[in-house]
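Below is one structure, written out as structure tokens; the observations come after it.
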Amino acid sequence: MSPSKDTVDREPPSKGAVVPGTLYLVATPIGNLEDITHRAVKVLSSVDLIAAEDTRKTKILLDHYAISKPMVSYFSYNERHRAPQLIEKLKEGQSLALVSDAGTPGISDPAFHIVQSCLESGIPIVPIPGPSAFVSALIVSGLPTDRFVFEGFLPMKKGRKTKLGILSTEQRTIVLYESPHRVLKTLGEIRIAFGERNVAVARELTKKFEEIVRGPISLVLEELQRKPTRGEYVLVIEGRSKHSEAEPS
Ligand code: SAM
């Protein structure tokens with residue numbers, strides 16, 4: 001079997017034109033509406049249709065940039081039903097942008113399914129890069145960025161303990177997403193499974209209440225317990241030291 005190959009006629013990119021029958025995966029801001037590329041705005045202004053994880057949220061972004069385009073929803077609970085409809089539109093020659101709730105589609109967001117469907121149908125896919133919460137958190141964490149592992153959300157129940165056990169031996173910096181309701185519980189479990197480690201907890205990145213708490217996990221936990229946990233969180237955890245023989249406490 002020969003490998004599949006995407007070649008897209010990108011002319012004329014400076015006019016913001018899009019190629020018919022192409023899926024654009026467009027990264028959008030993770031909070032601050034100004035964190036979007038010129039190219040993303042051009043593509044969103046030019047496509048025939050925008051498939052959005054949260055149409056209300058995307059409308060706020062589109063209104064901010066005076067973009068008026070038809071939208072359809074595409075989220076994890078309707079992706080299997082919606083993807084074939086979108087593929088039909090792409091086959092008819094419509095151009096389509098896929099945007100997630102925030103950040104880069106496909107990063108802990110639905111996109112994988114439609115990407116696979118496009119590949120099966122020979123439909124070209126073009127990435128329009130931009131923000132992703134894990135990159136912003138990692139670069140301000142103060143922890144090594146040369147090698148890291150992104151794990152997205154930990155499993156909620158089944159496999160959680162096993163995953164924590166595996167990650168406790170990971171030497172690369174570990175990046176996780178977490179909700180405000182579980183952030184303290186998760187950090188507590190990490191402290192038990194990994195032992196004392198340096199962490200950075202990045203909250204509400206690019207937003208009004210952006211906050212990064214760094215330090216040994218016990219102290220960071222104490223700090224976070226002082227007030228209610230609100231907003232969106234990324235956890236960045238120091239990898240296990242190469243010389244560490246100590247078992248987690
Ligand atoms: N596709 C997104 C991306 O590229 O980052 C991630 C989507 S995932 C469903 C949502 C999670 O990303 C949140 O629960 C949180 O862990 C993280 N996140 C998104 N925006 C964030 C922000 N502004 N500050 C901190 N974490 C954020």
Which one is farthest from the ligand (Cβ to nearest atom), of the residues in segment 28-82 that are under 20 Å from Pro127 (Cβ atoms) and of a type in the set (Asp, Glu)?
Asp48
Among residues of segment 55-81 being within 19 Å of Thr104 (Cα to Cα) and charged (D, E, K, R), the residue surrounded by the most Cβ atoms within 10 Å (Cβ to Cβ) is Glu79
What about Lys207, is it surrounded by fewer than 16 Cβ atoms within 10 Å (Cβ to Cβ) and within 16 Å of the ligand (Cβ to nearest atom)?
yes
Would you check if Glu196 is more than 10 Å from the ligand (Cβ to nearest atom) and in a loop (DSSP other than H, G, I, E, B)?
yes
Quickly run through segment 202-217 and pick out the residues that are touching a Ser or Thr at 6+ places or on another chain (Cβ under 9 Å) and aliphatic (A, V, I, L, M).
Ala202, Leu205, Ile212
Might you check whether a residue that is aliphatic (A, V, I, L, M), open to solvent by less than 30 Å² (accessible area, probe 1.4 Å) and not in a loop (DSSP other than H, G, I, E, B) occurs anywhere in segment 139-147?
no
Among the small types (Gly, Ala, Ser), under 20 Å from Ile30 (Cα atoms) and in a loop (DSSP other than H, G, I, E, B): is that true of Gly130 in this structure?
yes
If Ile50 satisfies all but one of (1) out of contact with any Lys or Arg (no Cβ under 7 Å at 6 or more places or on another chain); (2) touching a residue at least 12 places away in the same chain (Cβ under 8 Å), what's the number of the condition it fails?
(1)
Top-ranked residue of segment 83-106 - restricted to ones that are among the hydroxyl-bearing types (Ser, Thr, Tyr) and within 16 Å of the ligand (Cβ to nearest atom), ranked as nearest to Asp35 (Cα to Cα):
Thr104
Counting only residues that are surrounded by 13 or more Cβ atoms within 10 Å (Cβ to Cβ) and either closer than 26 Å to Gly122 by Cα or of a type in the set (Val, Ile, Thr) (or both), segment 92-102 contains a total of 7
Of (1) over 16 Å from Thr28 (Cα atoms); (2) at pLDDT below 95, Asp109 fails just (1)
Residues (among the small types (Gly, Ala, Ser), open to solvent by 50 Å² or more (accessible area, probe 1.4 Å) and either in contact with a strand residue (DSSP E or B) (Cβ under 9 Å, 6 or more places away or on another chain) or within 16 Å of the ligand (Cβ to nearest atom) (or both)) located in segment 107-126:
Ser108
Of the residues that sit in segment 127-138 and are closer than 27 Å to Glu238 by Cα and of a type in the set (A, V, I, L, M, F, W, C), which one is surrounded by the fewest Cβ atoms within 10 Å (Cβ to Cβ)?
Val135
Looking at (1) within 16 Å of the ligand (Cβ to nearest atom); (2) part of a loop (DSSP other than H, G, I, E, B); (3) in contact (Cβ under 8 Å) with a residue 12 or more places away in the chain, can you tell me which one Leu176 breaks?
(2)
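The values are calculated or read from the model by the stated rules, or taken from the named source; none is laboratory data. Remember, it's a predicted structure, so these values are computed and weren't measured experimentally. Virtual Cβ from ideal backbone geometry, glycine too; neighbours counted across all protein chains shown. Quick note on the areas: whole protein, heavy atoms, side chains included, nothing else; ligands and nucleic acids left out. Shrake-Rupley method; radii C 1.70, N 1.55, O 1.52, S 1.80 Å.
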